[in-house]
1. Residues of region 354-436: accessible area per residue at 1.4 Å, in Å²?
2. Run the reach check for residue 449 against lysines, Cα to Cα strictly under 25 Å, same-chain hits fewer than 8 apart removed. What comes back?
3. How large is ³J(HN,Hα) for each residue in region 380-395, as worked out from phi by the Karplus curve 6.51 cos²θ - 1.76 cosθ + 1.60 (θ = phi - 60°), to whole Hz, x for Gly and Pro?
4. Taking a ≥ b ≥ c as the square roots of the eigenvalues of the Cα gyration tensor of region 266-332, is the shape rounded (a/c under 1.5), prolate (a/b larger than b/c) or oblate?
5. Would you kindly calculate the translational diffusion coefficient of region 231-373, applying Stokes-Einstein with the Kirkwood radius from alpha carbon pairs, for 4 °C and a viscosity of 1.567 mPa s, and quote it in µm² s⁻¹ without decimals?
6. Among all the lysines, which ones have a C-alpha under 27 Å from residue 201's C-alpha, if same-chain residues fewer than 8 places away are not counted?
7. Find the all-direction average of the projected area of the Cα convex hull for region 332-477, expressing the result in square nanometres with one decimal place.
8. Compute for region 199-263: radius of gyration divided by Kirkwood radius, i.e. Rg/Rh, restricted to C-alpha atoms, rounded to two decimals.
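The values are calculated or read from the model by the stated rules, or taken from the named source; none is laboratory data. Since we're looking at a predicted model, the values are computed, not measured. Cβ coordinates were reconstructed from backbone atoms using ideal geometry, including for glycine residues, and neighbour counts include every protein chain displayed. Note: accessible area is taken over every heavy atom of the protein model, side chains too, but ligands, DNA and RNA are not part of it. Shrake-Rupley method; radii C 1.70, N 1.55, O 1.52, S 1.80 Å.
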Amino acid sequence: MLNEAFVDEQSLALLRWAYRKTGDSRQAEELAQEVWVQVLNAVRHGSEPIRDMERFLWKVAKYVWYRSLRRKSRQIGWVSVEETDLPDGTDFPEDIADADEMRQQLSWIRRRIVSLNTRQREIMLLFYLDGLSVREVARRLDVSEATVKWHLHDIRRKLKEESNHMSSQEFLYRPRQLHMGINGQCVPQLDTFFIENSPVKQNLCIACYQTPQSLPQLSEYLGIPAGYLEPDLQWLVEKEFLTETPHGYSTTFMINTVRDKQDTYAIIKRHRSETADVIVNGLLEAEDAIRAIGFHGSDQPINKLLWLLIYRLFNYISMPTTFMDPPFRPDGGRYWPLGFDVTAEGDIELAVDTRGWAYNGSMHNDNFRWFGLYNFGVTEIPDLMDSFTPEWKQLHDTLCILIHSGNDMTGMNDQQRLDLAKLAQKGFVTIDGDRAIPNFCVFTEPQLKQLVDVVFRPIIDRVEPGLRALVDDLTVVCRDRLPPQLRYMTNQVVWQAAFDTCYLTYIFAMNDGKLYDPTSKEDGMFLTMTYLRR
């Protein structure tokens, strides 16, 4: 007999199955209801008893579904117990689940192939469908064989990675973590901070990155009711992180994954002998000329000076690609938003091990410059560079007065002396009697010009051919990695990727034992800071 407890127990599972079949809640309810009607009729009018009611339920569900596909225009007839008899050993729930899973996997793979960019889709079709060799594909598309191999590897990796996230309900979304940065001029309250503090905003930007997504698609994909997503979508559009098109919402800024970064690092590493190594070895060979310039701090050991010199040299390199002027943003800043999907992705082969390092990028304010690259934790240097608060503006001004007075404190008032005491406590200066000595390098304009002309220019001339080759390789990868709505940013993305050479040059030099390894945050955070005294 069909008891109430059995119906209650199986109804939710049957409804979920029906929704997976139809993709529509109303149709799912109708399909599930039809199954129960057929089961009830079979129980009442069947000529023999039903020994395993659960097994019979799923047999009926299978027949109702298949007959509904074949006879959509006609009423489904009654199902008898005899009709649903299956050979011994058949496990209908497992079989139907396996078949359904296979259909969904194939459907998902077809959608993923369609969503590939033009270059990758063409390579995949030529290689797998047309059966061309790597050499023939390369010749057909007028690219190198290495490029074809890289794309084939990248496609297979991405399909495998994403297929591992598949669940029995087609696709189970796993929330991701998006870190936001900028390239350009910041303001006291950046809109990017609000994305940093909102997992929903982060995942909306990630979801809309590769292909446009409608509100219903986002709701289904993220598993969040549409009504809850609308305020965040509206905010992201108003703040120009998303744009709304007839095809859905699209992300307007670049997002790199951990794997994307490592792919970029692998290319930079391949070219290190003609780029990073030329720079580090050239600076070491010019040690005597560097010390002869006589700027404040030039008496430091050369392995400490490298922290400053590598960064300053890169400021005078003209990358063989275009840097696009950043746009004005709704928050008042002028910058390119940068997204970094830092979600853990399991075991990734590291081209360059950057663990323990932090990279904030270069900062400048008036005549101060600092390369936010260190592995020693956060510092207060950005507060001095931004000078948004009254306290830090005052400390910034006092430090400038000190440097232009020749580090002499005798003419300073009580407030300025108090400011210097605070700066000493924070590590910016060391007080020695009536003098406060900066714990960072200070150049005059003639000294900096001499450093550039005598030391930097000859090294830059030697490294430029290597940088051109590096940029050529980066252009292929960066262009194909960008979604269609961001292809106009290709040159900017290549420029940013190429400038990662500066970051990795430090890591290569430290791994080679040529760069000083600070013992603490305090020991290292001022090594890249400079002031230009005009």
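1. Values: 4140 Å² over 83 residues.
Accessible surface, normalised per residue, equals 50 Å².
2. 304
3. With the stated coefficients, region 380-395 comes to 9, 4, x, 5, 5, 5, 7, 6, 7, 8, x, 4, 6, 5, 5, 5 Hz.
4. On the way: a/c = 2.83, a/b = 1.50, b/c = 1.89.
Oblate shape, in that a/c is at least 1.5 and b/c is the bigger or equal ratio.
5. Numbers: Rh = 19.1 Å.
Value of D from the Cα-based Kirkwood radius: 68 µm²/s.
6. Leaving aside lysines fewer than 8 places away in the same chain, those within reach of residue 201 are 158, 160, 239, 261.
7. Reported value for the Cα convex hull: 13.4 nm².
8. 0.98
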